[in-house]
Amino acid sequence: MCGIVGYIGDKQATPILLEGLTKLEYRGYDSAGIAILNDGNINIKKAKGRLNVLKDLVEKNNMVGTIGIGHTRWATHGEPSDTNSHPHLSQSGLIAVVHNGIIENYLPLKKWLLEEGYNFISETDTEVVANLLEYYYNGDIVEALRKVLDRIEGSYALGVLCKDNPDMIVAARKEAPLIVGIGNGENFIASDIPAILKYTRNVYFLDDHEIAIIKKDSVEFIDVFGRKIGKSLFEVKWDVEAAEKGGYEHFMIKEIHEQPAAIKDTLRGRIIDDSEIVLDDVKITKEDLEKIDKIFIVACGTAYHAGVVGKYVIENLARIPVEVDVASEFRYRNPLVNERTLTIVISQSGETADTIAALKEAKKKGSRVIAITNVVGSSVSREADDVLYTWAGPEIAVASTKAYTTQLIALYLVAMDLAIKRGTITKTKVMELCTELKKLPEKVQYLLDNKDVIQKFASEHYNAKDVFYIGRGLDYAVAMEGSLKLKEISYIHSEAYPAGELKHGTLALVEEGTLVIALATQDDLFEKMLSNIKEVKARGGFVVAFAKQGNLQLEGVVDKVIYIPETLKELTPVLTVVPLQLLAYYMAVEKGCDVDKPRNLAKSVTVE
Ligand code: AGP
């Protein structure tokens, strides 16, 4: 996730900006840059790579000045490169912009600006904002910004410098974090508290559709209509470490809480009028699909589990047979892949060695490859024919959470896209799916707001030796992910089983008090699940069931029921997995485990 920092005061801005950016490194980035306004000129230095590259560059140049903005970029539009790094200058060099977020309608705006005679040098959506500001600039940068905000759609935290206004930074936000720090004769903007904690503990949190006008001795807030807004100052009590985690104890729980926003971002700009799916870098056509008679989904770990849900959804909507394979198996088993096969690889990091090898194997055999990844410019994104990005932002905790839910969203979009092109889905069904997809963020939020129940349960059961997760169909796919989450961070032995398979062996392990998590959210399979649950209860198992809100049939049958908000059957995994992530997290916390860095594991497995 990009990081923004800005300074205005009497001190030299460059060291303050560089230090602030260093404090934002934990957010993840691939390039960085700063812009300093001095003597009527905006001096920009930016570079791909770590902050040290930028620091070297800055040292070699004289970046003098007491007002400036800085940025660490996590690539979205356009690969990591010097040119795509922020700050971006408007065409004449009048205005510099740093941005965190996604401008959904940047393509039509860019087209329009090109017709108006503007040139672009980067592939970014941010450069559109810079040129749009210049287009609307009529001597008043605040007014220009208000006009720009009226035209752009999507999410943004923006920091803006204008040559004509050496005494102010203007900033705005919508669905991306931005704070204003208040110092003594100096003020700041930042994406997050750690960037400015050394200088001030007094901050304002900008809300959506608010604009801040920051001068060295004053800060003013207005809405998009130019009306003044009163805001309350917040005194930060956190230390730097807590501030990096947004006040949460671990990155994992922070990332679990980021899921509503990550889902929203991954859907952003991809559903048009609830009837059309737009996947920019997936160029597969109706004609291409006529030549495809099989799909392989290949991935590792959590991404593989997302693929299992993907198989179900693609087969049901697009009516093409789908095989899901673990990348480390696929690459060595001479799979039956040819030019009539479409391969979908899924990888959060885009750098997993087995997944990259599987991708190459599929291509060698003539398959077209679509990559679903969270990292722009990653190896899988470069090797694949088509790419669909999940916009989860950097995931720091080893245990994958927001990457999984956004991978599911990407797979729903791909399934719908393929189904529409193949003509296997009705307009009504597309509309129904689109409507429900957009409601998922608020339903995930509801589950997060009710996390206390899970936390309490974890505090009572963290001593469990073995935990079994059972489910059928899509519930089984989610059970696999829930089980992996638990074992990897709490070190409790756990297994996931298709519920109907228990009686073929594993039931022998269930005895008095064995903890069994039974997922029963699928209407058509509910009666079958009920029978399996009763099998477990009859052997003394302690059963926690997950059921849809409104289905009270498990009350009195099991030991505890967790209710999942109603949604379409296909979409339930996005919701069911949330309490399972929370359960694993709280069990691990109760056990005193190193939640973010579990033993023996690495975030990105770049070796075989
Ligand atoms: C899950 O919590 C793990 N971190 C792990 O299974 C992970 O999903 C797997 O290593 C694949 O990583 P990738 O998505 O970066 O390829």
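No value in this document is a laboratory result; all are computed from the given coordinates. Computed from a predicted model, the values in this text were never measured in an experiment. Glycine gets a Cβ as well: all are built from the backbone with ideal geometry, and neighbour counts include every protein chain shown.
Quick notes
- Part-to-part distance (alpha-carbon centres) for the stretch 64-82 and the stretch 552-591, which is given in Å: 41
- Counting only DSSP beta bridges with both residues in the chain, the antiparallel share comes to about 60 percent.
- Each Lys and Arg Cβ is given +1 and each Asp and Glu Cβ -1; about its Cα centre, the chain then shows a dipole of about 620 debye.
- Calculated on alpha-carbon atoms, Rg and Dmax of the stretch 356-463 in Å: 18.2, 53
- Two-site label geometry, Glu512 and Thr83: point separation in nm, points 7 Å out along Cα→Cβ: 7.3
- Here's how it looks for Ile271: its modeled amide H is under 5 Å from those of Val278, which are all 5 or more places away or on a different chain.
- Net charge of neighbours whose Cβ lies under 12 Å from the Cβ of Glu287, counting Lys and Arg as +1 and Asp and Glu as -1: +3
- Near the amide H of Ser494, within less than 5 Å, lie the amide hydrogens of Val467, all on another chain or at least 5 residues away, with H placed in the peptide plane.
- In terms of the mean number of neighbouring beta-carbon atoms within 10 Å, the peptides 341-352, 486-497, 241-252 order highest first as 341-352, 486-497, 241-252.
- With each label modelled as a point 7 angstrom along the Cα→C-beta vector, the Gln455-Asp164 pair spans 5.1 nm.
- Relative contact order of the stretch 252-395, pairs being alpha-carbon contacts under 8 Å that are 6 or more residues apart, as %: 24
- Taking a point 7 Å out from the Cα of Lys286 in the direction of its Cβ, the residues of the stretch 410-444 whose backbone N falls within less than 16 Å of it are 417-427.
- Overall shape: oblate for the stretch 132-226, with the ratio a/c of the largest to smallest alpha carbon gyration tensor axis at 1.5 or above and b/c at least equal to a/b.
- Diffusion constant of the stretch 497-608 at 4 °C, which comes from Stokes-Einstein with the Kirkwood Cα-pair radius and 1.567 mPa s, µm²/s: 82
- Summary value for the chain: 10 percent relative contact order, contacts being C-alpha pairs under 8 angstrom separated by 6+ residues.
- Diffusion coefficient, µm² s⁻¹, Stokes-Einstein with Kirkwood Rh over alpha-carbon pairs of the stretch 19-138 at 10 °C and 1.306 mPa s: 108
- Net charge, Thr405 excluded, C-beta distance under 13 Å - Lys, Arg +1, Asp, Glu -1: -1
- Summed over qualifying helices (DSSP H, 4 residues or more, each -39500 (n - 2.57)) and divided by its residue number, the chain shows a 222 nm mean residue ellipticity of -11000 deg cm²/dmol.
- Set Lys456/Lys485; Lys245/Lys597; Lys443/Lys569; Lys537/Lys560; Lys294/Lys485; Lys23/Lys55 screened for pairs whose C-alpha atoms are more than 20 Å apart: Lys294/Lys485
- Straight-line cross-link partners of Lys163 among the lysines, defined as a Cα under 22 Å from its Cα and at least 8 positions apart when in the same chain: Lys11, Lys45, Lys46, Lys147, Lys215, Lys216.
- For the stretch 166-320, averaging the sequence separation of C-alpha pairs within contact (under 8 Å, six or more residues apart) and dividing by the residue count gives a relative contact order of 15 percent.
- Net charge of the neighbourhood of Thr572, taken over other residues with C-beta under 15 Å away and scored Lys/Arg +1, Asp/Glu -1, is -3.
- For Lys283, the aspartates and glutamates whose Cα falls under 17 Å of its own Cα, not counting residues fewer than eight places away in the same chain, are Glu339, Glu383, Asp385, Asp386, Asp417.
- Here the chain is treated as a sphere whose radius is the Kirkwood value from Cα pairs; by Stokes-Einstein at 37 °C and 0.692 mPa s it diffuses with a coefficient of 129 µm²/s.
- Residue-wise HN-Hα coupling along the stretch 561-573, computed from phi with Karplus coefficients 6.51, -1.76, 1.60 (Hz; x: Gly, Pro): 10, 10, 9, 10, x, 5, 8, 5, 3, 4, 8, 3, x
- Mean-position separation - Cα centroids, the stretch 430-504 and the stretch 257-336, in angstrom: 21
- Relative packing of peptides 227-236, 363-372 - highest average C-beta neighbours within 10 Å first: 363-372, 227-236
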